[in-house]
């Protein structure tokens with residue numbers, strides 16, 4: 001769970017009744033930090049700018065007032081929050097990918113190899129052009145998903161999964177290409193590029209990776 005170590009309270013998803021499908025019988029509870037039986041452990045992560053925690057609940061008791069919304073009907077609001085958070089993460093990933101592209105193109109103009117800026121070589125130009133296409137495609141899908149979620153259109157879930165599937169792959173590939181064009185300096189502590197690569201890998205798995213969302217897209221369009 002992100003940032004659980006600094007949270008004043010946690011929203012806990014718990015199954016309170018068996019149902020015909022996994023979405024039935026789910027309830028949401030607000031559990032204050034420090035509740036007896038609740039423990040939070042900060043985990044070491046590859047992306048050190050995003051803190052993740054392991055949350056353990058052992059015989060935790062909460063009053064009836066801790067219930068959020070209706071009992072056994074927590075899946076719908078939970079899915080709505082996850083859907084919006086997924087689109088917001090896509091927007092962050094687009095911003096990161098754009099920054100990697102900007103850093104790489106600027107570096108290609110000043111890095112001299114064999115007497116010329118590396119940006120003048122066709123291989124570098126092609127790689128940068130591919131990065132630009134990936135960034136623009138990711139932005140287009142994310143803009144559409146944001147509109148669909150905001151307007152509550154029927155295809156909002158489909159749009160969110162399409163955006164996350166594409167952007168997860170795109171940000172990772174763009175960050176990798178950026179490091180390749182920077183050379184060794186791209187993965188040193190003296191340069192910020194490695195932070196974007198690590199964030200790309202972290203965000204790729206958050207709220208489901210590309211494989212998960214491609215499968216979800218297939219299910220939503222009845223393939």
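Residue-level analysis places residue 175 among those that are buried (at least 21 other Cβ atoms within 10 Å of the Cβ), under 15 Å from the mean Cα position of the chain (by Cα) and in the same structural domain as residue 90 (by TED's automatic domain parsing). Checking 40, 31 one by one, the residue that is closer than 21 Å to residue 206 by Cα, at pLDDT 95 or above and assigned to a strand (DSSP E or B) is 40 and no other. Looking only at residues in the range 184-198 that are out of contact with any helix residue (DSSP H, G or I) (no Cβ under 7 Å at 6 or more places or on another chain) and touching a residue at least 60 places away in the same chain (Cβ under 8 Å), the one that is surrounded by the fewest Cβ atoms within 10 Å (Cβ to Cβ) is 192. Filter the range 134-158 down to the residues that are in a helix (DSSP H, G or I), without any contact (Cβ under 8 Å) to a residue 40 or more places away in the chain and closer than 16 Å to residue 83 by Cβ and list them by number. Residues satisfying the conditions are 143, 144, 147, 148, 150, 151.
Is it the case, given these coordinates, that residue 97 is under 18 Å from the mean Cα position of the chain (by Cα) and at pLDDT 95 or above?
Taking the combined requirement at face value, the residue satisfies it.
Residues in the range 46-64 that are surrounded by 13 or more Cβ atoms within 10 Å (Cβ to Cβ) and part of a loop (DSSP other than H, G, I, E, B): 5 in all.
The values are calculated or read from the model by the stated rules, or taken from the named source; none is laboratory data. Here the structure is a predicted model, which is why all the values come from computation and not from measurement. With ideal geometry, Cβ positions are generated from the backbone for all residues, glycine too; neighbour counts draw on all protein chains shown.
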